[in-house]
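Reviewing the structure listed below.
Quick note: the coordinates plus some simple rules give every number you see, no bench work behind them. Keep in mind it's a predicted model, so treat the numbers as computed, not measured. For neighbour counting, all protein chains shown are included, and Cβ atoms are generated from backbone atoms with ideal geometry for every residue, glycine included.
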Amino acid sequence: MRRVLLLLLTWVYAPSAVATEIDALASNPQWLALLHFPTQGDVQGSKSYVDDAGFFLAKDGVNSPRSELRATLERLREEPQLICRYPARYNWLREQGYLTDVAVPPCDEYQQWRQKLDVAEVSLVLASSYLNSPSSMYGHTFLRLDPAGDRGESDFLSYALNFGANIGAEEQDMLYIYRGLFGGYPGLFSLQPYYEKIQEYNRLENRDMWEYHLNLTATEIDRLLSHAWELRQVNFDYYFFDENCSYRLLELLEVARPGIDLTSPFEYAAMPVDTVREVVLDGMVYDIGYRPSRRLELDTL
């Protein structure tokens, strides 16, 4: 009789306990960071910054971290190949004790991408202002990914991880400014050789560049890269002054180092120099490099 009563109690209370556990996990700041929800304050009624339905596995995932968590747990178990699409989500859920019995597929494309980059160090790069472009009139930031071994001795073998507005080649100036101010452009992450950034900013546009070397551990770099993979071809709304290149990079760094709060000071505006200062104040920088513009180099001859 006692055993039957225990089974009945388990049947009644277990679903409630599981629901409570799911609710707690869905409000975890790291899960919110992976979905690009605000991680500070009341999440109820908030919305993800991601403006791309393809990023979410639940129909209401853009509005509900809880629904997206349930859909992720269910889909990754039913379709393990989705782990290759969401490696950062999977790794975090496994750390929380979920999906530990799911066989991980080879993920050849993802592994080849990681091996090609072979990142050993990450730097936050600030290019000085460029008045000919409204989006860069206060500067521009991006991440430099330095490879391991002998390849890491040359900056020209590094890659740049950049976030920017996807703008047509023949966009009119006034329309460009209007859309940039009011979120009329999609924003995307992109990867390109670092020497192309040097050519563009340092040589063609005569912009000084400061390179802030970050003290990320190997585990933190892995988190950053696995989430960057999840964001390939994923659209965000782009705004010149707040949800811009600098703000998106702070979100990436919050994913890389759980528990750090870099974005909350920039609710209304995220100027590149101010976001760099926040990263420095939070103790993430161990060294700073400087690359003068071509014009400055010529002036000092």
Residue 59 and residue 196 label points (each 7 Å along its Cα→Cβ direction) are spaced in nm at 4.0 nm
For the residue pair residue 20 and residue 108, what label-to-label distance in nm results when each label sits 7 Å from Cα along the Cα-to-beta-carbon direction?
4.8 nm
Residue 101 versus residue 219, label points 7 Å from Cα toward the beta carbon: distance in nm?
2.6 nm
